[in-house]
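Accompanying notes for the structure given below.
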Amino acid sequence: MTLSKVKWKNIDDYINSHPKNIQVILNRLRETIKKAAPEAEETISYSMPAFKLHGMLVYFAMHASHVGFYPEPSGIEAFKKEISAYEWAKGSVKFPVDKPLPLDLVSKIVKFRMKENFQRVAAKQKNK
């Protein structure tokens, strides 16, 4: 069975299923996200580690040669210039495992997504 088909109980299970060198990378990413959004709830969604706070913030997943980071299309659009050094698509960016993770950029994207979610909630409450 491929890792993407496993029903993970939590992010620890997901990270611990990978080799030690990959666990280090995934734990750094996790800690960066938690530091940027300390109130966010950790969860597993679409068989990937995810963080939510007033809606989904970001997801990440390990692939053969990269870590996929999924900050929703708005998170990609807002940081197109910064992520241009990486392979990216509408809602994802690929961080190669053989290069240092851009943790400052990850933090900025998470904070941006958190602000978006708070603004969406405030707008809904205002329109009630």
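Being among the aliphatic types (A, V, I, L, M), modelled with pLDDT of 95 or more and assigned to a helix (DSSP H, G or I), is that true of even one residue in the range 59-79? Within the range 59-79, one or more residues are among the aliphatic types (A, V, I, L, M), modelled with pLDDT of 95 or more and assigned to a helix (DSSP H, G or I). Contact map, the range 31-47: residues that are at positive phi paired with residues that are assigned to a strand (DSSP E or B), Cβ distance under 7 Å, separation 6+ or inter-chain. Pairs shown: 46/59. Just one of the listed residues (11, 76, 33) is surrounded by 12 or more Cβ atoms within 10 Å (Cβ to Cβ), in contact with a helix residue (DSSP H, G or I) (Cβ under 9 Å, 6 or more places away or on another chain) and over 26 Å from residue 124 (Cα atoms), and it is 11. When residue 44 is tested against the conditions (1) part of a helix (DSSP H, G or I); (2) out of contact with any strand residue (DSSP E or B) (no Cβ under 6 Å at 6 or more places or on another chain); (3) within 30 Å of residue 124 (Cα to Cα), the lone failure is (1). Kindly establish whether residue 106 is within 11 Å of the chain's Cα centre (by Cα) and assigned to a strand (DSSP E or B). The answer is no for residue 106.
The C-beta contact set for the range 86-105 (first residue farther than 20 Å from residue 27 by Cβ, second residue of a type in the set (Phe, Trp, Tyr), distance under 7 angstrom, 6+ apart or interchain) comprises 86/95; 91/70; 92/69; 92/70.
The values are calculated or read from the model by the stated rules, or taken from the named source; none is laboratory data. It should be emphasised that the depicted structure is a prediction, and the values quoted were computed from it without experimental measurement. Virtual Cβ from ideal backbone geometry, glycine too; neighbours counted across all protein chains shown.
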